[in-house]
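Heads up, the thing below is written out as structure tokens.
The values are calculated or read from the model by the stated rules, or taken from the named source; none is laboratory data. Treat the numbers as computed from the prediction; the structure is a model and nothing was measured. We place every Cβ from the backbone using ideal geometry, glycine too, and count neighbours over all the protein chains shown. Note: areas computed on protein heavy atoms with side chains; ligands, DNA, RNA excluded. Shrake-Rupley method; radii C 1.70, N 1.55, O 1.52, S 1.80 Å.
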Amino acid sequence: SAWLRSALAGEVDPFAATIYLGYFSVAWNRMHGLYDDPSEAFLAPYDATVETLFDNDHTIEQIVAGLPTTPQALLTPQFIEFLHYPTGALQAALAEADSLGNWRPDVPVHLYAASGDREMPIASTLHAERALKEHGADVTLVDVGDTDHFGSVMQSVPRVLAEFEG
């Protein structure tokens, strides 16, 4: 939910937010019944196409070509409001997704994020760090700095591999 709040607050790159919010809305609708008809969530003409774009048969290039560049051009104002202030099935699903239950990892956890990432803001990782620490986990957060999403991956993956190599 931290990422969802960031995307809706304009803290995520608008085009990235559009892609991820489209995917999130379709996927979570399939799991949690967020809307009965695509037109409740998506503006025309996307209400007739967006569910098909996220069917695992379309390439990322096809998805990108089939979407607008901002969430406001994709989602209805009512659905944006619903995402801002979730109720019912969405509220319950987000609470479950945010919860660790009674789980605590038995090994140290290293989280990697970039303060400059405008696709996946560090707020989501900070939330995960807090939740894990509240459950008594040994957690280290590594901020790889003022870099974009791809740069974050490029800086984080070698560090993750080094952790596993020991």
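Which ones in the range 22-32 are within 24 Å of residue 65 (Cβ to Cβ) and either modelled with pLDDT under 95 or open to solvent by 50 Å² or more (accessible area, probe 1.4 Å) (or both)? Answer for the range 22-32, where residues must be within 24 Å of residue 65 (Cβ to Cβ) and either modelled with pLDDT under 95 or open to solvent by 50 Å² or more (accessible area, probe 1.4 Å) (or both): 23, 30.
Does residue 163 qualify as being over 16 Å from the mean Cα position of the chain (by Cα), at pLDDT 95 or above and in a helix (DSSP H, G or I)?
Working: over 16 Å from the mean Cα position of the chain (by Cα): yes; at pLDDT 95 or above: no; in a helix (DSSP H, G or I): yes.
No: the conditions fail for residue 163.
Scanning the range 66-106 for residues that are over 19 Å from the mean Cα position of the chain (by Cα), within 18 Å of residue 133 (Cα to Cα) and either in contact (Cβ under 8 Å) with a residue 24 or more places away in the chain or open to solvent by less than 50 Å² (accessible area, probe 1.4 Å) (or both) gives 101, 102, 103, 104, 105. Are there any pairs, at least 6 apart or on different chains, whose C-beta atoms fall under 8 Å, with the first in the range 129-140 and within 13 Å of residue 108 (Cβ to Cβ) and at pLDDT 95 or above and the second of a type in the set (D, E, K, R) and assigned to a helix (DSSP H, G or I), and if so, which? Between residues of the range 129-140 that are within 13 Å of residue 108 (Cβ to Cβ) and at pLDDT 95 or above and residues that are of a type in the set (D, E, K, R) and assigned to a helix (DSSP H, G or I), the close pairs are 139/129; 139/133. Tell me, please, whether a residue that is basic (Lys, Arg), open to solvent by 50 Å² or more (accessible area, probe 1.4 Å) and either at positive phi or not in a loop (DSSP other than H, G, I, E, B) (or both) can be found in the range 123-131. Checking the range 123-131: at least one residue is basic (Lys, Arg), open to solvent by 50 Å² or more (accessible area, probe 1.4 Å) and either at positive phi or not in a loop (DSSP other than H, G, I, E, B) (or both). If only residues of the range 132-146 that are closer than 18 Å to residue 2 by Cβ and either in a helix (DSSP H, G or I) or of a type in the set (Ser, Thr, Tyr) (or both) are counted, the one that is most open to solvent (accessible area, probe 1.4 Å) is 134. Evaluation of residue 112 against the conditions (1) touching an Asp or Glu at 6+ places or on another chain (Cβ under 9 Å); (2) in a loop (DSSP other than H, G, I, E, B) shows that the sole unmet condition is (2). The set of residues from the range 33-65 being open to solvent by 30 Å² or more (accessible area, probe 1.4 Å), farther than 16 Å from residue 14 by Cβ and touching a residue at least 24 places away in the same chain (Cβ under 8 Å) comprises 33, 39, 40, 51. Within the range 4-21, the set of residues being open to solvent by less than 40 Å² (accessible area, probe 1.4 Å) and either aromatic (Phe, Trp, Tyr) or out of contact with any strand residue (DSSP E or B) (no Cβ under 7 Å at 6 or more places or on another chain) (or both) comprises 4, 6, 7, 8, 12, 16, 17, 18, 19. Against the list (1) open to solvent by 40 Å² or more (accessible area, probe 1.4 Å); (2) at pLDDT 95 or above; (3) under 23 Å from residue 19 (Cβ atoms), the condition residue 149 fails is (2).
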